[in-house]
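Shown next, in structure tokens, is the structure this report addresses.
What follows draws every value from the coordinates through simple rules; no lab data is involved. Fair warning: this is a prediction, and the values are worked out from it, not measured in the lab. Cβ atoms come from the backbone with ideal geometry, glycine included; neighbour counts cover every protein chain shown.
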Protein chains: 2
Amino acid sequence: MAANANESSVRMAAETWESLFRAQVAVMRKLQAAPAFRTVPVNEYDVLFTLSRCPSGWLRLNELNDHVLLSQSSLSRLVERLEKRGLVVRMPAPDDRRGVLLKLTEEGAAVQKEIGRAHVRDISSLVGPALTAAEQKELQRLTDKLRNSVGARPGK
Amino acid sequence: MAANANESSVRMAAETWESLFRAQVAVMRKLQAAPAFRTVPVNEYDVLFTLSRCPSGWLRLNELNDHVLLSQSSLSRLVERLEKRGLVVRMPAPDDRRGVLLKLTEEGAAVQKEIGRAHVRDISSLVGPALTAAEQKELQRLTDKLRNSVGARPGK
DNA sequence: CAGATTTCCATGCGTTTGCATGTATCGCCG
DNA sequence: CGGCGATACATGCAAACGCATGGAAATCTG
């Protein structure tokens, strides 16, 4: 049996994940504290951002939920708040009447752009000095690969 | 001016961060849902884990706060809950009477080990199939480098 | 060394979150 | 077609969170 080899590969995976997780915490901590997020919390901005990247402009609530680390009910209320503030609009899905489609309003798009500009600069000032261009490219490749593998997996 | 070069390096940093962030969300989502965290939430386990890795056994509350993505007040109450459950003990710091030292109880250490075992297996089953050993090693190197650079920065 | 400033942790308070559940719709299978 | 489990979103409620603040101790300053 390759018990030792398994042990060590298990440990390596755990250490890899811890490094990734701690790096995310360290960066996120700085980003959250930045003035860009004084008016809109990070979670809410993330929704605006995802909507802004959506080609059709409309996105289903359940698809949105896959991108965000939030429960379904929390996302439901988060979107409710965004709608009250006039940043997004809801609409019943035409093909599935249980579903809800979301779209940015003009103001929502403007707010996203405004915050996004500052946010991107903040990111750059954190990541840029830390890693070379080649390292960033490689990090992106590895994290993309990880996310695709994890996301594609049969949940249960 | 190298405006174009700056533009593209800014964009690359943003894309790198987004990949890292989404990968973290995807993995964390699976890990949170695992049965290992039915009794103790991830945030609380993270505190137990950090304490278990502490050489002296004792750790200051403010140092702990650097590792976790939580406000100071939330961490204060989180620790309060852990103490009520008998998993940690508090003690005034001897050299700085404002400070509070934390240590795992025997039960806390046992709980951490128990959950930790399952958690490490969950991580391995997610990360192992996704990345080769060499890729994991490289990912760890890059995220360590990123975290060190970000953490070492003058906070404000 | 007195007074002002900063650091560390705790706490009041309003907001946000997750779990459990409710309601409506969809899709499947007999 | 009719009944039944699965899916999508909303909502009641208790728990957890962040912000602002308080009090105590350390540190800085003149």
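Indicate the gyration tensor shape class of segment B:1-91 (rounded, prolate or oblate), computed on the Cα atoms with a ≥ b ≥ c the square roots of the eigenvalues: a/c under 1.5 is rounded; otherwise a/b larger than b/c is prolate and the rest oblate.
Numbers: a/c = 3.33, a/b = 1.98, b/c = 1.68.
Prolate shape, in that a/c is at least 1.5 and a/b is the bigger ratio.
When the dipole is taken about the Cα centre of segment A:1-60, and only Lys, Arg (+1) and Asp, Glu (-1) are charged at their Cβ, what size is it in debye, to the nearest 20?
Working: 7 positive and 5 negative charges, 54 e Å.
Dipole about the Cα centre, nearest 20: 260 debye.
Once chain A is represented by equal point scatterers at the alpha-carbon sites, with solvent omitted, what log10 I(q)/I(0) does the Debye formula produce at q = 0.09, 0.11, 0.12, 0.16 Å⁻¹?
Computed log10 I(q)/I(0) values: -0.40, -0.58, -0.68, -1.08.
Per residue of B:112-120, how many C-beta atoms from partner chains lie within 10 Å of its own C-beta, taken as a mean? It would help to have the intermediate numbers written out before the result.
Numbers: counts 0, 0, 0, 0, 1, 0, 0, 2, 7.
Per residue, the number of nearby Cβ atoms from other chains is 1 on average.
Which whole-number percent gives the relative contact order of chain B, counting Cα pairs below 8 Å spaced six or more residues apart?
On the way: 94 pairs, mean separation 32.5, N = 156.
Worked out over chain B, it gives 21 percent.
Report the charge-dipole magnitude of the protein assembly as shown in Debye, nearest 20, computed about the Cα centre from +1 at each Lys and Arg Cβ and -1 at each Asp and Glu Cβ.
Details: 48 positive and 36 negative charges, 83 e Å.
I would put it at about 400 debye.
Any idea what the dipole of segment B:14-156 comes to, in debye rounded to 20, about its Cα centre with Lys/Arg Cβ at +1 and Asp/Glu Cβ at -1?
In debye, rounded to 20, segment B:14-156 gives about 160.
Within the P(r) computed for the protein assembly as shown, what percentage of the Cα pairs occupies the region above 23 Å? Mind showing how you got there, number by number?
Working: 30560 of 48516 pairs.
Value for the protein assembly as shown (Cα pairs over 23 Å): 63 percent.
Which one, B:Met28, A:Leu64, B:Leu75, projects farthest toward the positive side of the charge dipole computed for the protein assembly as shown from Cβ point charges (K/R +1, D/E -1)?
B:Leu75
For the rotation that brings chain B onto chain A, whose beta-carbon in chain B is nearest the axis, and what is that distance in whole angstrom?
Output: B:Gln24, 2.
Taking the label point as lying 7 angstrom from Cα along the Cα-to-Cβ axis, what are the distances from B:Arg38 to the corresponding position in the remaining copies, in ascending order and in nanometres?
4.7
Can you tell me the 0 to 90 degree angle between the C-alpha axis of helix A:42-52 and the longest principal axis of chain A, rounded to 10?
Helix A:42-52 sits roughly 70 degrees off the main axis of chain A.
What shape does segment A:92-156 have by the C-alpha gyration tensor, where a ≥ b ≥ c are the square roots of the eigenvalues, rounded means a/c under 1.5, and otherwise prolate means a/b greater than b/c and oblate the rest?
Values: a/c = 4.65, a/b = 1.28, b/c = 3.62.
Verdict is oblate for segment A:92-156.
Which whole number gives the average count of other chain Cβ atoms within 10 Å of the Cβ atoms across peptide B:26-36? Walk me through the numbers before you get to the answer.
Details: counts 12, 10, 6, 8, 5, 3, 2, 2, 0, 0, 0.
Mean number of neighbouring Cβ atoms from other chains: 4.
Between copies, how far does the label point of B:Ala134 sit from its twins, in nm, shortest first, when each point is 7 Å from Cα along Cα→Cβ?
Ordered by increasing distance: 1.5 nm.
Over the whole of B:128-135, what's the average partner chain Cβ count within 10 Å per residue? Rounded to a whole number, please. Please report the intermediate quantities before stating the final value.
On the way: counts 7, 4, 11, 8, 1, 5, 0, 6.
Mean shielding count: 5.
In nm, one decimal, shortest first: how far is the label point of A:Thr105 (7 Å from Cα along Cα to beta carbon) from the matching points in the other copies?
In nanometres, ordered from closest: 5.2.
I need the peptides A:140-147, B:129-136, A:51-58 ranked by packing, meaning the mean over residues of other C-beta atoms within 10 angstrom, with the highest value on top. The partial results should precede the final answer.
On the way: A:140-147: 20.9, B:129-136: 15.6, A:51-58: 12.9.
Packing order, densest peptide first, comes out as A:140-147, B:129-136, A:51-58.
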